[in-house]
1. Please give the number of the condition Ala155 fails out of (1) touching a strand residue (DSSP E or B) at 6+ places or on another chain (Cβ under 9 Å); (2) of a type in the set (A, V, I, L, M, F, W, C); (3) touching a residue at least 40 places away in the same chain (Cβ under 8 Å).
2. When you check Arg56 against the structure, is it more than 14 Å from ligand 1 (Cβ to nearest atom) and either within 26 Å of Leu19 (Cβ to Cβ) or of a type in the set (Phe, Trp, Tyr) (or both), yes or no?
3. Considering only residues that are under 16 Å from Glu81 (Cβ atoms), within 16 Å of ligand 1 (Cβ to nearest atom) and not hydroxyl-bearing (Ser, Thr, Tyr), which ones fall in the stretch 112-137?
4. For residues that are free of Cβ contacts under 8 Å to residues at least 60 places away in the same chain and of a type in the set (A, V, I, L, M, F, W, C), scanning just the stretch 76-123, find the one that is nearest to Ser63 (Cα to Cα).
5. Whether any residue in the stretch 81-98 is surrounded by fewer than 23 Cβ atoms within 10 Å (Cβ to Cβ), over 22 Å from Arg37 (Cα atoms) and either within 16 Å of ligand 1 (Cβ to nearest atom) or not small (Gly, Ala, Ser) (or both) is what I want to check.
Amino acid sequence: MALFGRERITGKTPDQLRLMRKAGLLVGQTLTMLQERVEPGMTTKALDALAEEHIRSGGGIPSFLGYHGFTGTLCTSVNEEVVHGIPGSRVLREGDLLSIDCGAIVEGWHGDAAVSVIVGGRQAGRTEDLQLIDATEASMWAGIGALAVGQPLYAVGAAVEDAIEAAGERDGRTYGIVEDYVGHGIGTSMHMDPQVPNYRVEGRGPRVIDGTTIAIEPMITLGDQDNRVLADDWTVVTLDGSRAAHWENTVAATVDGLWVLTEVDGGAAGLARLGLPYAALV
Ligand code: MG
Ligand code: MG
C-alpha cells in the first residue's frame, strides 16, 4: 500500500474536538452495551439491530450503514474474519472470537472504534484467542501512547509493532500484523488523510499537530497476515484460516495530552496505566 509522508493533518479546534467527543462517546457506549448483550445463539444481525437502535436513540447516525453500499451498522468479524464482516444470519457460538467495529455521526462529526471479545465470556475462550485479544488491545494502547504533538505520526505504527513483538515473545508465538488495512484521520468524514499504518514503515510521516484526530486500529492474527476478501466484496479473512483480532479507538492529541474520544472514560484509566497525560476538554 502506498503511503505518502506529505499527507496533511488538519488540526481540530477545541469546539470541534468537543463535537467529536459526542460522536466518540456514543460509539464507546454502544460498544459497551454490545459487549454486555452479546451471547451464544444470537445472530450478528440481531447484534447489529441493537447497535442501530442505540445509536439512533442517542441522537446519532450509523456511519457504516450505506457506506459504499454496506448494509450494517456494525462490522461483525468472526474467528478467521479480520474486518468488514457483514451482519447477517450467522449465529454466534460460545467461544467464537468476535470483533465488533462501530461508527457513528453526531452533528456531522464522526467516531470510529472496535473491540474484540469471546462470545460467552473469557472463560469460554481458547488460551491463544485470549492472548491474541489482549495483545491486540495492548498494541492499540501502545500506539495511542506514541501519539504526541510534535512527534512523527509513524511512531504510532512502530509502537504497535514493538508491542506485538513483545507479546509474541511472551506468548511464544509470532503474531501476524495485517498491513493491507490502516488507521486513518477522522473528523467530518470517517476516513480522511492521513493514513496511519498500524506497523513500522520507512519514514516518519507528517508531524502531529495540536488538535490531530486519528483512528488507531491494529488487526492482528494468530498466523500469517496474508488475507483475502470473500465473494460478498466486504469480509476480509486470513488466508491461512488463523483467527484475528481488531481493536480501534479514535484519539485526539493536543498540546496538553491525549483524549481517547471513543472510550467511555475518555481514556483516563488506560492512559493512567501507561503514565500518559490525559487531556479531556471540558
Ligand atoms: Mg472502525
Ligand atoms: Mg477505522
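1. Unmet for Ala155, out of (1) touching a strand residue (DSSP E or B) at 6+ places or on another chain (Cβ under 9 Å); (2) of a type in the set (A, V, I, L, M, F, W, C); (3) touching a residue at least 40 places away in the same chain (Cβ under 8 Å): (1).
2. yes
3. Listed by number, the residues that qualify are Ala114, Val115, Val117.
4. First pass over the stretch 76-123, keeping only residues free of Cβ contacts under 8 Å to residues at least 60 places away in the same chain: 76, 78, 87-96, 118, 121-123.
Retained after the next criterion (residues that are of a type in the set (A, V, I, L, M, F, W, C)): 78, 91-92, 118.
On the way: Val78: 21, Val91: 24, Leu92: 24, Ile118: 25 Å.
So the residue we want is Val78.
5. So far as the stretch 81-98 goes, no, none of its residues is surrounded by fewer than 23 Cβ atoms within 10 Å (Cβ to Cβ), over 22 Å from Arg37 (Cα atoms) and either within 16 Å of ligand 1 (Cβ to nearest atom) or not small (Gly, Ala, Ser) (or both).
Table: residues versus (1) more than 16 Å from the chain's Cα centre (by Cα); (2) buried (at least 22 other Cβ atoms within 10 Å of the Cβ); (3) of a type outside the set (Phe, Trp, Tyr).
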{"site": "Ser139", "(1), (2), (3)": "no, yes, yes"}
{"site": "Val149", "(1), (2), (3)": "yes, no, yes"}
{"site": "Ala155", "(1), (2), (3)": "yes, no, yes"}
{"site": "Ile164", "(1), (2), (3)": "no, yes, yes"}
{"site": "Glu169", "(1), (2), (3)": "yes, no, yes"}
{"site": "Thr174", "(1), (2), (3)": "yes, no, yes"}
{"site": "Val178", "(1), (2), (3)": "no, yes, yes"}
{"site": "Tyr181", "(1), (2), (3)": "no, no, no"}
{"site": "Ile186", "(1), (2), (3)": "no, yes, yes"}
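Taken together, the values in this text are just the output of simple stated rules run on the coordinates, not laboratory data. Just so you know, these numbers come straight off a predicted model, no measurement behind them. Methodologically, a virtual Cβ is constructed for each residue, glycine included, from the backbone with ideal geometry; neighbour enumeration extends over all protein chains shown.
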